[in-house]
Amino acid sequence: MQAELILSQKTLSERGKKILDAAQQLFLEHGYDNTSLEMIISEAGGSRRNIYSEFGNKEGLLIAVIKEHIAAQVSLLVDIDYDLPPEEALTKVCCRFMDGFLSETVIKLFRLVINIVPTLPQLGELIFHYGPLTGCRPISDYLAYLNKQGVLLIDDSEFAAHLLIEMIKSRLHVQALLLPNNPPTKAEISAHVRQAVPVFLRAYKV
């Protein structure tokens with residue numbers, strides 16, 4: 001099944017959108033287990049019937065929140081400018097991706113998911129199989145293009161794309177997760193990416 005189909009969500013009503021926004025806010029503030037449907041309804045309005053009809057239950061709400069953010073993060077990898085020099089094109093898309101990946105909301109969601117995956121393993125499977133760390137086909141396609149043009153020598157563009165993602169997130173992701181009072185700054189993210197991309201390209205230089 002294609003990632004686009006897995007991550008697609010039915011169009012929500014205005015009430016459904018308010019419920020989803022309220023659920024995310026409360027999940028991040030109080031945790032999944034400590035957030036009740038009554039708290040979500042109190043914040044967003046509506047009723048249990050609204051939640052059941054649009055999301056199924058509280059678990060469905062959490063999955064909808066995660067799907068929304070996965071789709072947003074994956075979309076940051078799509079717009080690669082093939083007309084730019086490779087280093088500039090990759091630096092641009094990688095900086096854009098990391099700014100989103102290390103945003104406060106995404107990091108809080110990551111912590112939340114790690115805490116509840118043992119009881120909701122399907123959530124971990126969703127992120128592992130369709131999240132931005134594995135859903136980097138646009139970068140893989142771009143690297144395959146560079147290989148075909150003779151710019152780089154890459155036997156496995158998918159592996160190379162995963163390698164690049166790991167290189168750019170590196171210690172910055174750990175820092176963002178473990179040091180909430182000292183997260184990476186935009187300048188630090190940019191500097192790290194601008195160091196990592198040339199190293200990556202040299203490894204595959206013809």
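A short reminder: the numbers here are calculations on the coordinates, not readings from a lab. Everything numeric in this text was worked out from a predicted model, so none of it was measured. Note: ideal-geometry Cβ built from the backbone for every residue, glycine included; neighbour counts use all protein chains shown.
Brief remarks on what is shown
- Available extension along the chain between Ile114 and Asp21 is 31.4 nm, counting 0.36 nm per residue and deducting the alpha carbon span.
- 3J(HN,Hα) along segment 191-197: 5, 5, 4, 5, 8, 6, 4 Hz, from the Karplus curve 6.51 cos²θ - 1.76 cosθ + 1.60 with θ = phi - 60°, whole Hz, x for Gly and Pro.
- Cα long-axis angle, helix 86-101 against the chain (0 to 90 degrees, to the nearest 10): 20 degrees
- Angle in degrees between helix 157-178 and the longest Cα principal axis of the chain, rounded to the nearest 10: 60 degrees
- Three-way shape label, segment 10-56, alpha-carbon gyration tensor, a/c 1.5: prolate
- Read-out Rg/Rh (Cα atoms, Kirkwood Rh), derived from the coordinates shown; its label in (1) 0.97; (2) 1.03; (3) 1.07: (2)
- If a spin label sat at a point 7 angstrom from the Cα of Asp81 along the line to its beta carbon, the backbone N atoms of segment 113-141 nearer than 18 Å would be those of 139.
- In degrees, nearest ten, helix 14-30 long axis to first principal axis of the chain (Cα): 80 degrees
- Approximate spin-label separation His30-Lys186, in nm, with each point projected 7 Å along Cα-to-Cβ: 3.4 nm
- Cα centroid separation, segment 185-206 to segment 14-32: 36 Å.
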